[in-house]
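Notes to accompany the following structure.
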Amino acid sequence: MNNRKVKVHRGEGVFDYSKWKDLKVGDTVKVEKDEFFPADLFLLSSSYDDAICYVETLNLVGETNLKLKQAPEETSKLQEDSSFQNFEAIIKCEDPNANLYSFISSLDLQDQLYPLAPQQLLLRDSKLRNTDFIYAVVIFTGHDTKVMQNSTEPPSKRSKVEKRMDKIIYFLFSVLFFISFIGSIFFGIATREDLENGVMKRWYLRPDDTTIYFDPKKAPVAAILHFLTALMLYSYLIPISLYVSIEIVKVLPSIFINQDVHMYYEETDQPSHARTSNLNEELGQVDTIHSDKTGTLTCNSMEFVKCSLSVWNTVSTSFL
């Protein structure tokens, strides 16, 4: 996303394309129709005479209706690239924060201060709609933008059984590593002290037939090789098949859910259907449901009560 390009004022009224990641606070940009805003911008002017523009904030608040933004009257006449050749102004604003609906700042233009409002703020990840182009100045970039201030890590949807099983696997792997490490240390010490008066103590291992593994002169290398060998030999300590067994166990409750007669909905003739087996073990643990919308938990059903009909009979007669 940061490799997208936008027109930036280079000086002398000339705009050239630049990557989003190269933008700096104070740069003047020109955003055209159906383009995303590369940073938090302050609206200077637009292609309309009254300096208005329409913004789609679907990526921010999930609403498809367009928001109306309007630039200050003092900068609304900047509708051409050449207008920024000698344009100078100072914007004083608040520190970066996560509030999407507040913006305290002022515009210092020709030694006069003009208050600014959130209506002139264009947030990153919004899109310009129904407007040919706009001119704006960069206020916040990167992690200082409001959308980045509001971004949080997605919550984990893994069940408690899977999390506990991961801890068990980590513990068993630590035990495997500890056993292999301690065994390799003792093996290295025994290999180094194997030679006595030119005779091998562990003659039954036939160290004369190998070059490294039982060579007393290369005990550290022999210890490393023994560590790798121990990891492979003791690898059965980690039950990799446990994940497969748990998945099979979780599939069985989903079959019972699909065949449960008490969960059948007669009005729509629909039985219950478990679409996932990951959360079956979490059923029955829900205590409270929080809803932020009025009509979320309502049943929008209409019942026929009464109907009144009026019939009009018209008789037409013709005379011959």
Taking only protein heavy atoms and a 1.4 Å probe, the highest-to-lowest accessible-area order of R10, R275, R158, R129 is R275, R10, R158, R129
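Let me make sure I get this right: for the chain, a, b and c are the square roots of the gyration tensor eigenvalues over alpha carbons, sorted descending. Under 1.5 in a/c it's rounded, otherwise prolate if a/b > b/c, else oblate. Which is it?
Values: a/c = 3.89, a/b = 1.46, b/c = 2.65.
It is oblate, given that a/c is not under 1.5 and a/b is not larger than b/c.
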Mind checking the full-extension length gain between S151 and I179? Use 0.36 nm per residue of separation minus the Cα-Cα distance, one decimal, nm.
5.7 nm
Place a +1 charge on the Cβ of each Lys and Arg in the stretch 1-62 and a -1 charge on the Cβ of each Asp and Glu, then give the dipole magnitude about the Cα centre in debye, rounded to the nearest 20.
360
What relative contact order, as a whole-number percentage, does the chain give when Cα pairs under 8 Å and 6 or more residues apart are counted?
15
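Which value, in Å², gives the accessible area per residue of the chain when a 1.4 Å probe is used on the protein heavy atoms? If you can, show how the numbers build up before the last one.
Working: 23180 Å² over 320 residues.
With all protein chains present, the chain gives 72 Å² per residue.
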Counting only residues 5 or more places away or on other chains, whose amide H sits under 5 Å from the amide H of R129 once H atoms are built in the peptide plane?
D34, Y54, V55, E56
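Give me the dipole magnitude in Debye, nearest 20, for the chain about the Cα centre, with unit charges on the beta carbon: positive for Lys and Arg, negative for Asp and Glu. Don't skip to the end; give the middle numbers.
On the way: 33 positive and 43 negative charges, 253 e Å.
Dipole of the chain, to the nearest 20 debye: 1220 debye.
Mind ranking 46-53, 259-266 by how tightly packed they are, going by the mean number of other C-beta atoms within 10 angstrom, highest first? Intermediate values should be presented prior to the final figure.
On the way: 46-53: 18.1, 259-266: 9.4.
My ranking of the peptides, most packed first, is 46-53, 259-266.
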Of every hundred units of 1.4 Å-probe accessible area on the stretch 32-140, the number belonging to carbon and sulfur atoms, as a percent, is 44
Sorting check: for 79-85, 59-65, 305-311, which peptide has the highest mean count of neighbouring beta carbons within 10 Å, and how do the rest follow?
79-85, 59-65, 305-311
Length added when fully stretched, E282-N99, from 0.36 nm per residue minus Cα-Cα
62.4 nm
Relative intensity, log₁₀ I(q)/I(0), of the stretch 29-145 from a Debye sum that treats every alpha carbon as a point, q = 0.14, 0.21, 0.22, 0.23 Å⁻¹:
-0.54, -1.25, -1.37, -1.48
Under DSSP H, which helices of the chain have Cα atoms covering 24 Å or more of the helix axis and a Kyte-Doolittle average no less than 0.5?
160-192, 241-258
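The values are calculated or read from the model by the stated rules, or taken from the named source; none is laboratory data. This structure is a prediction, so every number in the text was calculated from the model and none was measured. Note that each Cβ is placed from the backbone with ideal geometry, even for glycine, and that neighbours are counted across all protein chains shown. Quick note on the areas: whole protein, heavy atoms, side chains included, nothing else; ligands and nucleic acids left out. Shrake-Rupley method; radii C 1.70, N 1.55, O 1.52, S 1.80 Å.
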